[in-house]
Amino acid sequence: MQYNMLEAKSQLSKLVQAALAGEDVIIANKGVPVVRLVKVGAQQRARRPGAWAGLPRAKADWDTPETNAAIADALTSDQSP
């Protein structure tokens, strides 16, 4: 179903319910379709707190000016074959 912007504004609750029921809801601006209301799916996997706990710790000097300069030099140096 397609609704113009003004109609959609006054019937938003109805349109959301229709989208949740699986209907194709399109909102148009001056007769030109511009957006589609769709149901947001559930997350694929549940998040686990502490999932990164087993990763190695960063070294204490990871953000020193010397380390940053070395990284910048490596990224900006001429790496032509």
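If R₀ is 35 angstrom, what is the calculated FRET efficiency for the pair Thr64 and Gln44, using the beta carbon separation as r and rounding to 0.05?
Values: r = 39 Å, r/R0 = 1.11.
For Thr64 and Gln44, the calculated efficiency is 0.35.
Where does the chain land at 222 nm, in deg cm²/dmol rounded to the nearest 500, when only DSSP H runs of n ≥ 4 count, each adding -39500 (n - 2.57), divided by all residues?
That calculation yields -9500 deg cm²/dmol at 222 nm.
Sum up the lysine pairs in the chain that clear both bars: alpha-carbon distance under 29 Å and a spacing of 8 or more or different chains. Write out the running numbers ahead of the final one.
Details: Lys9/Lys30; Lys9/Lys39; Lys14/Lys30; Lys14/Lys39; Lys30/Lys39.
Within the chain, the lysine pair count is 5.
Hey, how much of the P(r) for the chain falls beyond 18 Å, as a percent of Cα pairs?
So the portion of pairs separated by more than 18 Å is 68 percent.
Residues of region 17-37 with backbone nitrogen within less than 11 Å of a virtual label 7 Å along the Cα-to-Cβ line of Gln11, please, listed as ranges.
Counting backbone N atoms under 11 Å from the label point, the list is 18, 26.
Give me the percent of the accessible area of the chain that comes from carbon and sulfur atoms, probe 1.4 Å, all protein chains in place. List each step's numbers first, then the result.
On the way: 4260 of 7470 Å².
Using a 1.4 Å probe with all protein chains present, the chain comes out at 57 percent carbon and sulfur.
Give me the net charge for the shell around Asp24: Cβ to Cβ below 12 angstrom, other residues only, Lys and Arg +1, Asp and Glu -1. Mind dumping the intermediate values first?
On the way: positive: Arg36, Lys39; negative: Glu23.
Summing Lys/Arg as +1 and Asp/Glu as -1 gives +1.
The values are calculated or read from the model by the stated rules, or taken from the named source; none is laboratory data. All values reported here derive from a predicted model rather than from experimental measurement. Please note: Cβ atoms are built from the backbone with ideal geometry, for glycine as well, and neighbour counts cover all protein chains shown. These accessible areas exclude ligands, DNA and RNA; they are computed on the full protein's heavy atoms, side chains included. Shrake-Rupley method; radii C 1.70, N 1.55, O 1.52, S 1.80 Å.
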